[in-house]
Each structure stands twice: as C-alpha cells, then as structure tokens.
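Beneath this line is the structure, given in structure tokens, with notes to follow.
Please treat every number below as a calculation from the coordinates, not as lab data. Model, not experiment: these values are computed from the prediction. Here the Cβ positions follow ideal geometry from the backbone for every residue, glycine too, while neighbour counts run over all protein chains shown.
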Amino acid sequence: MTARIIDGLLLSKQLRAEAAQRVVALTARGYRPGLAVLLVGNNAASQIYVRNKIKACDDNGLYSVCNHYTDKLTEIELLSRIKALNHDPKIHGILVQLPLPPHINTHKIIEAISPEKDVDGFHVANAGALMTGKPLFQPCTPSGVLKMLEWKNIPLAGSNAVVIGRSNIVGKPMAMLLIQADATVTVCGQKTRNLATHTRSADIIVTATGKSNLITANMIKPGATVIDVGISRDNNGKLCGDVDFDSVCKVAGYITPVPGGVGPMTITMLLISTIEAANRTAR
Ligand code: GUN
C-alpha cells in the first residue's frame, strides 16, 4: 500500500483564500481583524514561527502588531502590555509565543489575556470550555488536524485514536477534540510502556513529540491515518517530523508530510480564529 498524502499546504491555500474574503468584508464594515503577537527572548524556532504568523496576516489582509522583547523583559511589563492590548479595539486576537523565559510565569501570562481575545485557546476559560463542548477558541494545531481529517472524510466516530504527547498546546486539546468526535482515545506520554502496542491498534495516530523516527512502519496498522505534528532537525539540518515517512507511507492509508502537512494548518487556524474574534465584535 502507498499512503495518500494529506496536503496541508493545499488545504491551507483554500482556507486562506476564504479567510481573505471574510477579511475584506469585515474591513469594509470597519472591523479589520487584528492580531497582536508577543515574543520574548531569542528562541530561534519561535522567531521563525512568529515571522510566519505575521506574514500570513499581511498576505491575507489582517492588521497585525508584533512586539519582540529581549529576555530582560519583566513579568510585570509583559502583563501591562497584555492589559493594554485587552483594551485595544484594533486588536481582536492576542498571542504570546511560547515558550517564555523561565523568569516569567507562563500560566499567569496566559490567564491575563482576555478569553475573548485568546486566539490560541490556552486560557483556562477556553481550555475548560473545550472539555465541556463550547470554547470561544480551540487551540490552532489540534483544530487544524481535525480540519485535515474532515477534509479527507476520515471516519472518527468509533475509531481508535492514539495521541502521542500530552502538552497543553497539542496533545491534551487534540484528545478532547477526538473524544468529542466519538473516537476512542488513548493518550501516550514519555512514560508510556511499549508505545507500539498502542499504535498498532490505532486507526488514527497523531504524534507530537519532536523525536525524529519515533514512529516506524512496524508500529502501524495497515491503512491507518498518521498525522505528524512533530518538528525537529536531523544531523544535516533537514526539517523532519516524528514519523519515518519513507517506510510508514508504505503501510499507512493516509499520512501528512513534514514540512507541508500540519504546519501550515496551524497558522491558517490562527487567522480563522482572529477573523472569528473580529466578527464577534462586529455583531
Ligand atoms: N509555541 C508552539 N506552538 C505554539 C502555539 O500554537 N501558540 C503559541 N502561543 N506558542 C506556541
């Protein structure tokens, strides 16, 4: 078997074209969607992610503000910036790029963002509401994964889904979304014993660990859907996911590539959430 590719770049292009049209319409009514991105410190990967987020805003007509602070920024200064953005009518979404430097309490910062502008869906009000069914915003990466599964009509109800990684950003919200879609969900973490026994019975695998070649062909049920959220670099500096793509694509039914799979979808969902936030204020 050769797996069919779920092309996140293609789906993103379609969704961004629709998003850009909504931006034009909202802008004409005086509600141009606006996103503020706050970055603290010099994490190289974060700088690339933030640059891509701002570029996506520019390309699709959204207003954006990017504040890049040195790691000397204090928690109080960051809190005060968030407070100002909470009251800024031009800003509908606030994103604080994670990770933050260790002297800043991440939890405190996320809780300072108004839940109505929490386009990441990380605030406890939104994370809690995700569990009960109706958050204002869903975390971008898991909701992007769900969109990809829906796009390919991959059945979720009654399926066995295995999520690898249990972060607040990907693993936990991903599990919640799959549970809501009536999948039977297993969440694996670093201490999971014999990962392969779980993955081998999975119809859907979502892996988000950043460990290259963690998932090999012998861990896959033939025909399974394999979604690779991992990002790391190999010894040659080449971008790679968690999945040994070349071998797994011979066994899986569907697979996402890295790059060009989940990555572009994360930013697309961020744009859509920011547009939704602007649309709520326009009513
Ligand atoms: N760091 C890695 N992924 C994300 C994300 O989706 N949002 C934010 N704010 N930080 C991240």
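Some values worked out for this structure:
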{"read-out": "If the convex hull is drawn through the Cα atoms of the range 212-283, its volume per residue in Å³", "value": "100"}
{"read-out": "DSSP-assigned coil residues among trypsin sites (Lys or Arg not before Pro) in the range 54-96, each with at most 11 further Cβ atoms within 10 Å", "value": "Lys72"}
{"read-out": "Cα convex hull volume per residue for the chain (Å³)", "value": "129"}
{"read-out": "Net charge of neighbours whose Cβ lies under 10 Å from the Cβ of Thr207, counting Lys and Arg as +1 and Asp and Glu as -1", "value": "-1"}
{"read-out": "Ellipsoid semi-axes in whole angstrom, largest first, where each is sqrt(5λ) of the Cα gyration tensor of the range 175-215", "value": "19, 12, 10"}
{"read-out": "Average silhouette area of the range 121-253, convex hull of alpha-carbon atoms, in square nanometres", "value": "8.3"}
{"read-out": "Cα-derived Rg to Rh of the range 75-178, Kirkwood definition", "value": "1.03"}
{"read-out": "Proximal lysines to Lys117, defined as alpha-carbon separation beneath 18 angstrom and excluding residues fewer than eight positions away on the same chain", "value": "Lys53, Lys83, Lys90, Lys108, Lys134"}
{"read-out": "Peptides 245-251, 195-201 ordered by average Cβ neighbours within 10 Å, highest first", "value": "245-251, 195-201"}
{"read-out": "Taking the convex hull of Cα positions in the range 37-125, its mean projected area over all directions (nm²)", "value": "5.4"}
{"read-out": "All lysines inside 21 Å of Lys221 as judged from Cα atoms, apart from same-chain residues fewer than 8 positions distant", "value": "Lys152, Lys211, Lys250"}
